[in-house]
Amino acid sequence: MFEFQGRVYASKPTGLLKVMNATVVDDLCMLVMFNTGETRLFDASELLSCEVFEPLADRAVFESFSIDHGVITWNDGAIDIAPEGLYRRSFEYAAPPQAASDMRGTLTKTSLKSLG
């Protein structure tokens, strides 16, 4: 239990979760590396039922993401998903050693597009 800004919480305080890197691996799926060191598989298909996320059905839009202050965004920031929500909607992923090493490299948005 802890108190923050006058409110009492039953859980333990957690550090700020941030997206460090991501790469699209399939239709509406991407591997996401968090500042915790974890790489997780995110499937965005369930989000399409929400109107705000409908543009992600277009592969070009989905692939044109950027990472802004640890948050994945699309359409110049008009669409985003909080890292905590992304984490909850993603799955554990045990990357092969080479893939994990590649994810830790510095990939730019341009280099991600050239991968696929």
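Quick notes on this one:
- Residue count for the stretch 82-92 under the criterion of being farther than 15 Å from residue 20 by Cβ and touching a residue at least 24 places away in the same chain (Cβ under 8 Å): the result is 3.
- Candidate set from the stretch 61-116 (those that are of a type in the set (Phe, Trp, Tyr) and outside any strand (DSSP E or B)); member that is modelled with the lowest pLDDT: 93
- Residue within the stretch 48-61 that is surrounded by 14 or more Cβ atoms within 10 Å (Cβ to Cβ), touching a residue at least 12 places away in the same chain (Cβ under 8 Å) and within 23 Å of residue 94 (Cα to Cα) present: no
The values are calculated or read from the model by the stated rules, or taken from the named source; none is laboratory data. The structure presented is a predicted model; accordingly, all values stated were derived computationally and were not measured. Here Cβ is always computed from backbone atoms with ideal geometry, including for glycine, and neighbour counts include all displayed protein chains.
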